[in-house]
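Note sheet for the following structure.
The values are calculated or read from the model by the stated rules, or taken from the named source; none is laboratory data. Being a predicted model, the structure only gives us computed values, none of them experimental. Quick reminder, even Gly has a Cβ in these numbers, built from the backbone with ideal geometry, and neighbours come from all protein chains shown. Areas reflect the complete protein model, heavy atoms only, side chains present, ligands, DNA and RNA absent. Shrake-Rupley method; radii C 1.70, N 1.55, O 1.52, S 1.80 Å.
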Amino acid sequence: VQLVESGGGLVQPGGSLRLSCAASGLTFRSYALGWFRQAPGKEREFVADIVGSGGQTYYVDAVKGRFTISRDNAKNTLYLQMNSLKPEDTANYYCAADLHYTSSFRKGDDMDYWGKGTLVTVSS
């Protein structure tokens, strides 16, 4: 199984980026998916998740209204559209997948699979 993130880079404050997470080796549509981030010197934090056949989504307050998580099951790909980026959004962004969505999902504990991350830097 592989999860491979892409789309990170350097962007000015107020700009946009779209992250992708390409999955292989798993039944993609069966998994709950999430984005997490870790800024330098800080702990990993939950950003957003998308679960269920209806694609229910949830966001941490800090990104609500600015970020949009989505998935394309036909392409086995997870996305994170990030708009109105702020310097405090600077972090390595990781996608994660778990077959069983539980109360610990947003803690990032015991996830089945993680990607290796893509760096987002928001700076002028």
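Whole angstrom only: what separates the Cα centroid of the stretch 1-61 from the Cα centroid of the stretch 89-124?
6 Å
Net charge around VAL11, counting only other residues with Cβ within less than 15 Å of its Cβ (Lys, Arg = +1; Asp, Glu = -1)?
That sum, taken over residues with Cβ under 15 Å, equals +2.
Leaving out ligands and nucleic acids, and using a 1.4 Å probe, what accessible area per residue does the chain come to in Å²? Can you show the working numbers first?
Numbers: 6560 Å² over 124 residues.
So the chain comes to 53 Å² accessible per residue, rounded to a whole number.
Could you state, as a whole-number percent, how many of the C-alpha pairs of the stretch 1-116 are farther apart than 23 Å?
For the stretch 1-116, the share of Cα pairs beyond 23 Å comes to 22 percent.
For the chain, with all protein chains present and a 1.4 Å probe, just round the carbon and sulfur fraction of the accessible area to a whole percent. Don't skip to the answer; put the middle values down first.
Details: 2930 of 6560 Å².
With neighbouring chains kept in place, the figure for the chain is 45 percent.
DSSP loop trypsin sites (Lys or Arg not before Pro) in the stretch 85-124 with at most 13 other Cβ atoms within 10 Å of their Cβ, which ones? Walk me through the numbers on the way to the answer.
On the way: sites: ARG106, LYS107, LYS116; in loops: LYS116.
Taking the stretch 85-124 and a limit of 13 other Cβ atoms within 10 Å, the loop trypsin sites (Lys or Arg not before Pro) found are LYS116.
Full-extension gain between LYS107 and LEU119, please, as 0.36 nm times their residue separation minus the C-alpha to C-alpha distance.
2.3 nm
Which net charge results for the neighbourhood of TYR101, defined as the other residues with beta-carbon distances under 13 angstrom from its beta-carbon, given Lys and Arg at +1 and Asp and Glu at -1?
Around TYR101, the surrounding residues sum to -3.
Where the only charges are on Cβ atoms (+1 Lys, Arg; -1 Asp, Glu), what is the dipole of the chain about its Cα centre, to the nearest 20 debye?
280 debye
Please give, to one decimal in nm, the separation of the simple spin-label points placed at ALA22 and ASP72, each 7 Å out from Cα toward the Cβ.
Placing both labels 7 Å along Cα→Cβ, they lie 1.1 nm apart.
Using 0.36 nm per residue, how much length does the chain from TYR58 to SER6 gain when fully extended, once their Cα-Cα distance is taken away? Numbers along the way, then the final one.
On the way: separation 52, 0.36 × 52 = 18.72 nm, distance 2.16 nm.
Using 0.36 nm per residue and subtracting the Cα-Cα distance, I get 16.6 nm.
Determine the equivalent ellipsoid of the stretch 1-63 by diagonalising the alpha-carbon gyration tensor, then write out the semi-axes as square roots of 5 times the eigenvalues, largest first, rounded to whole Å. Could you put the intermediate results ahead of the total?
Details: eigenvalues 103, 48, 33 Å².
Semi-axes (√(5λ), whole Å): 23, 16, 13.
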